[in-house]
């Protein structure tokens, strides 16, 4: 029979279920092996528990002892893994074990590197992705998880263990997928579906609200910076938190229409943004418990002073017990103008309209002429002076009251002690003679009349006055009471500025069409990008009534975002629908058959998560939202394109004429009505999130590759055409292993590009105990043998002279390139002269660019000249096979011959294969040489360059690889050259 699971809230409950189970087994002649029982207990973990079953004639043994698992142990229930400790450590152990098992399995097998890469992408990553459905680890953790597979891949490819990881993550030559970006895209897609699907609305609201409550944040987690919580241990594997955090690090932001941002809290200064991270780490849980989020909660009502701790306790903002916490002391030390004052620095002043003002008003239920003492504070409008005392008798009709006068003991702003005034210029002696005051106010001598509308209650608990002339301690300080009074009496009621809550959509006029509209003609126009102009999208619509009269027309230049002809057509329909009134019945005429086909799939059909994988899904979601929200009945009708329909011709003309109009000022997101909107660098992501993150991963991989010290040491990245290098590398199709007897040419090309060929100079640095640093090139014995010397070595035998061979091959490669391009387009003699004059063909010295070209580093000046006459795609497709043939000749004519001679030279020096495997002897002491090149200042690429590449691809269209631009984002810093 199947496994049984017994669940109860107590030990007695488990004993009752075990008794029933034992009787059931006896009646059905079933035997259970109690040694395989697994016990889980949250109250008594890691302990032996004895269960006493209920006495029964069917149960021979009524005692059962089991050892409960520890809290950190994982268990599987109904195919789902759990841990009582609510920790994801068991998930980490499982995925590490899966990777190590596969690496151990594939390591000894006779497989090609491409086979290992395929198994990694198609088998291992899907298994890990399934296991990590509800757990998302950081990038460094995931890289450490899959590290064993990279070791196997390098070994199968014959590459050194120190081969840069950036090479493996390029889509070439292995097409290794970045595990972190794959898992992140899976989680982002899941939450995008949850926040968008109408059936998951309640769960989506609960998930985001729960996270906000756990963080103790004042706003929705999608609208705030989550970095302050990044080191919280309990959040390190929280799927929603990490999805939002990691996506924000990639400049991807989330906008949830059902949880809009709290713009009204922006001037209140969030505590997490103004306090150091170390202070936040120790205080955020306390803030969460106290519901303290912003500085304005601990600032006086006027917004210029920090309230003291006693006032905060009286107001209930903080607890009544305990010492003053570190975060409050930090504010007192660093945010105040001086140590003796509570005045804030001007940087932290807050407008009083955003402060928490709860004035303490007098009790107006007290009848006139009735003796009822109330502590109050009065602002004399004539003299602009404040007075503290007790209001005894009020006269509402005369707007006056009788008040005693009290003076603070000291001039400190935090003073709470008051003495009765012995008599001053305010005193009116006749008031003391009133019977009610004379009998009950023996300790007070100074009384005066106040205007009731200029008097408010003093924020304090009831403080009785005794006959003895002792100071009275009030609940709040002088500074807080006066600040509260001034704000209440001087400020008139403020109306909320409309700027705090701007319209959700800008640039789209809602409900501009009357209900009489019956039909719409829509059309879009698209001009692709050219060298002289960016892409342009426009849309237009014309509205008609029953009689065929034109009610209104509109044409608009659309913001460029994933530009395409289809997007302009969809936008035209969206703009037309957004102008309709509620409950409209409309027929929309369009000449785009693809639009009608997609309308049937995405609008007429029920919502499907597959829509989120399609391009322009935000526009389709916006159309669905408008139709449902306004209860529209829309029917699409196809009209012949370029036919005789006069209205279609007219709307087509409107759309085309809009290209000459002003560029739009509204953001592309202003045209989106989706419940969940993902944006990158303020641009909406209107494509499959899996594909978009894959583009980011590829762009960052190429950026890391370009930033390697071995390339930046040569000069600024603008010297090379990295798009062309990327294309040429993608053409490496060799399927070879260093141990299967096949050619190793494709490995040679990779090592040549990375300067990882085992030249004598490299061996001298790696194994100085075998290769003396004083040795020169074995063939010419005239210079150290580094990578560049391979092509300039003047070997004595002409047939094996690398220098002559390299020159001949460069000439052959140059002539082949010229003839290939001339066959594509006839060009004049000027082009040929300019082509031959390029520095990359200077093989005599040879020049630096000639040596770069030998390594497959395309010089930018070469492709720049060719780009004047040919598109880049044609240039790359033409040069790539010729460059491949050029390196084949170098491999066979120079490198292989050099290896034969080098191995013979090693044998003459007594260097055997066995000695290479042995390490240095104990007597060996390394000799420090200065053979390594030193560069005091090297140009490196800013690691934010990929943002402009991706943004340009969104705005102008096309792949990110066609928008590489290093000139705008360069930094100069010292780097250490590494040959490995």
### Query
Which residues, counting only those in segment 444-474, are in contact with a strand residue (DSSP E or B) (Cβ under 6 Å, 6 or more places away or on another chain) and without any contact (Cβ under 8 Å) to a residue 60 or more places away in the chain?
444, 447, 449, 473
## Note on the structure
When every residue in segment 828-844 that is part of a helix (DSSP H, G or I) and loosely packed, with under 10 Cβ neighbours inside 10 Å is compared, the one farthest from the chain's Cα centre (by Cα) is 829
### Query
Among the candidates 151, 175, which residue alone is more than 17 Å from residue 754 (Cβ to Cβ), touching a residue at least 12 places away in the same chain (Cβ under 8 Å) and part of a loop (DSSP other than H, G, I, E, B)?
175
### Task
For segment 224-241, state whether one or more residues are in contact with a strand residue (DSSP E or B) (Cβ under 6 Å, 6 or more places away or on another chain) and under 30 Å from residue 697 (Cβ atoms).
no
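Go through segment 381-393 and report how many residues are touching a strand residue (DSSP E or B) at 6+ places or on another chain (Cβ under 8 Å) and more than 11 Å from residue 451 (Cβ to Cβ). Break it down into steps so the answer makes sense when it comes.
Going residue by residue through segment 381-393, those that are touching a strand residue (DSSP E or B) at 6+ places or on another chain (Cβ under 8 Å) are 381, 385-393.
With more than 11 Å from residue 451 (Cβ to Cβ) added as a condition, the list becomes 385-393.
The total comes to 9.
So how many residues does segment 894-913 have that are touching a residue at least 60 places away in the same chain (Cβ under 8 Å) and either closer than 15 Å to residue 795 by Cα or exposed (fewer than 12 other Cβ atoms within 10 Å of the Cβ) (or both)?
7
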### Task
Would you mind telling me which numbered condition in (1) free of Cβ contacts under 8 Å to residues at least 40 places away in the same chain; (2) surrounded by fewer than 17 Cβ atoms within 10 Å (Cβ to Cβ); (3) within 25 Å of residue 682 (Cβ to Cβ) residue 273 fails?
(1)
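Going by what's in this entry, would residue 822 be described as farther than 26 Å from residue 792 by Cα, under 44 Å from the mean Cα position of the chain (by Cα) and either in a helix (DSSP H, G or I) or at pLDDT 95 or above (or both)? Talk me through it step by step, then tell me what you get.
Working: farther than 26 Å from residue 792 by Cα: yes; under 44 Å from the mean Cα position of the chain (by Cα): no; either in a helix (DSSP H, G or I) or at pLDDT 95 or above (or both): yes.
No.
With the condition being free of Cβ contacts under 8 Å to residues at least 60 places away in the same chain and farther than 30 Å from residue 339 by Cα, I'd like the strands (runs of 3 or more DSSP E) fully within segment 370-436 carrying at least 2 qualifying residues.
385-395, 400-404
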#### Entry: Boolean, residue 886 is over 37 Å from the mean Cα position of the chain (by Cα), part of a helix (DSSP H, G or I) and in the same structural domain as residue 751 (by TED's automatic domain parsing)
yes
### Query
Conditions: (1) without any contact (Cβ under 8 Å) to a residue 24 or more places away in the chain; (2) on the phi > 0 side of the Ramachandran plot. Residue 161 meets all but one. Number of the miss?
(2)
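Quick one: is residue 136 more than 21 Å from the chain's Cα centre (by Cα), surrounded by 15 or more Cβ atoms within 10 Å (Cβ to Cβ) and under 26 Å from residue 230 (Cβ atoms)? Working first, answer last.
Working: more than 21 Å from the chain's Cα centre (by Cα): no; surrounded by 15 or more Cβ atoms within 10 Å (Cβ to Cβ): yes; under 26 Å from residue 230 (Cβ atoms): yes.
So residue 136 does not fit the description; no.
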### Message
Tell me yes or no: at least one residue of segment 63-82 is surrounded by 15 or more Cβ atoms within 10 Å (Cβ to Cβ), within 32 Å of the chain's Cα centre (by Cα) and in contact (Cβ under 8 Å) with a residue 24 or more places away in the chain.
### Response
no
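For (1) at pLDDT below 90; (2) part of a helix (DSSP H, G or I), each residue gets a yes or a no:
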site: 640; (1), (2): yes, no
site: 643; (1), (2): yes, no
site: 657; (1), (2): no, yes
site: 678; (1), (2): no, no
### Query
Picking from 181, 206, which residue would you name as being surrounded by fewer than 17 Cβ atoms within 10 Å (Cβ to Cβ) and part of a helix (DSSP H, G or I)?
206
## Note on the structure
Matching residues in segment 255-288 (at pLDDT 80 or above, more than 24 Å from residue 333 (Cα to Cα) and touching a strand residue (DSSP E or B) at 6+ places or on another chain (Cβ under 7 Å)) number 2
#### Entry: Condition check for residue 919: in a loop (DSSP other than H, G, I, E, B), out of contact with any helix residue (DSSP H, G or I) (no Cβ under 9 Å at 6 or more places or on another chain) and either at pLDDT 75 or above or not assigned by TED's automatic domain parsing to the domain that holds residue 773 (or both)
no
### Query
Out of the residues in segment 810-832 that are touching a helix residue (DSSP H, G or I) at 6+ places or on another chain (Cβ under 9 Å) and free of Cβ contacts under 8 Å to residues at least 40 places away in the same chain, which is farthest from residue 875 (Cα to Cα)?
811
### Task
Taking residue 638 as the residue in question, decide whether it is closer than 26 Å to residue 199 by Cβ and in the same structural domain as residue 547 (by TED's automatic domain parsing).
no
## Note on the structure
Selection from segment 645-699 of residues touching a strand residue (DSSP E or B) at 6+ places or on another chain (Cβ under 7 Å) and free of Cβ contacts under 8 Å to residues at least 40 places away in the same chain yields none
### Query
What about residue 386, is it outside the structural domain of residue 343 (by TED's automatic domain parsing), touching a helix residue (DSSP H, G or I) at 6+ places or on another chain (Cβ under 9 Å), surrounded by fewer than 19 Cβ atoms within 10 Å (Cβ to Cβ) and under 20 Å from residue 485 (Cα atoms)?
yes
### Task
Would you be able to say whether some residue in segment 88-109 is at pLDDT below 95, closer than 19 Å to residue 701 by Cβ and buried (at least 19 other Cβ atoms within 10 Å of the Cβ)?
no
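Which residue, of 56, 87, is outside any strand (DSSP E or B) and touching a helix residue (DSSP H, G or I) at 6+ places or on another chain (Cβ under 8 Å)?
Going through 56, 87 in turn, the sole match is 56.
The values are calculated or read from the model by the stated rules, or taken from the named source; none is laboratory data. Note that the structure is a prediction, hence the values are computed from the model and not measured. Cβ: placed from backbone, ideal geometry, glycine included. Neighbour counts: every protein chain shown.
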